[in-house]
Amino acid sequence: MRHSDAHQSLTDKVTEQIRSRLINGEFVPGQRLSEAALTQVLDVSRNTLREAFRILTKEGLLTHLPNCGVSVAVPTMASIIDIYRVRRIIECQALAQAYPRHPARQRIRQAVEEALRCRAQQDWQGVGTANMAFHKAIVELADSERLNDMFSHLLVELRLVFGLLQDPEFLHAPYAEMNEQILLQTEAGEFRQAADALNDYLVQSERIVLAGYARRLGGNAH
């Protein structure tokens, strides 16, 4: 392997590690990321970390300001509306047109069971992570690597939105049972009904998130 290829592979790995931490809610919107700390934690050079930062900044997940360093991006109301618009198009179509015995169904079930387990332990951050896995598995029903990659990036942006609102129980608790109901419809082969339920669910989620975002903006104005 050429040196440039090895460097690119390491950069991709580091980029994915940071992206995963964003999905898991380990970094929150507006948080400044320390180069010194992350080079130690990830065991990489500053050059490799800066290249990963550059990629994630281009994706809109991080922001870089002169003399201020790199911070986690803060979502806007327009970006929230767009995220949910894309979600309804992708997820509902993937579910409506799914193959009856698609292997992603098992991943949907695993995500639901994990969310219910975390809810019983009042691990709301864990419920949120399982919820991400649930929606990711729904998109996998479409059998499109392009959609899978695109949706993975969308989920990171979505987790930033949830992190901004800072109330994981309020955001995630109601959806564990809704996810279970959609799972049961999917396993029964009722894909159109499941897609309709998912569309209603996403509309409700968007309203709750936008209301929470507006309250947060109002609170910061005082």
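The values are calculated or read from the model by the stated rules, or taken from the named source; none is laboratory data. From a predicted model like this one, the values you see are computed outputs, not experimental measurements. Methodologically, a virtual Cβ is constructed for each residue, glycine included, from the backbone with ideal geometry; neighbour enumeration extends over all protein chains shown.
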TODO: Determine, yes or no, whether Ala142 is of a type in the set (A, V, I, L, M, F, W, C), under 21 Å from Thr186 (Cβ atoms) and over 13 Å from the mean Cα position of the chain (by Cα).
DONE: yes
Open item on the list: Test of understanding: among Thr48, Thr63, which residue is free of Cβ contacts under 8 Å to residues at least 12 places away in the same chain, more than 27 Å from Asp200 (Cα to Cα) and of a type outside the set (Lys, Arg)?
Closed with: Thr63
TODO: Please specify each residue of segment 23-72 satisfying the condition of being of a type in the set (A, V, I, L, M), assigned to a helix (DSSP H, G or I) and either within 20 Å of the chain's Cα centre (by Cα) or crowded, with 18+ Cβ neighbours inside 10 Å (or both).
DONE: Ile23, Leu38, Leu49, Ala52, Ile55, Leu56
Task: Yes/no for Gln185 being at pLDDT 95 or above and over 19 Å from Tyr84 (Cβ atoms) - done: yes
Open item on the list: Can you confirm whether Ala197 is buried (at least 20 other Cβ atoms within 10 Å of the Cβ) and either more than 20 Å from Ser79 (Cα to Cα) or touching a Gly at 6+ places or on another chain (Cβ under 6 Å) (or both)?
Closed with: no
Task: Positions within segment 180-197 being closer than 13 Å to Cys92 by Cα and within 24 Å of the chain's Cα centre (by Cα), in sequence order - done: Ile182, Thr186, Phe191, Ala194, Ala195, Asp196, Ala197
TODO: Please work out which residue is surrounded by the fewest Cβ atoms within 10 Å (Cβ to Cβ), limiting yourself to segment 79-106 and to residues that are assigned to a helix (DSSP H, G or I) and basic (Lys, Arg).
DONE: Arg85
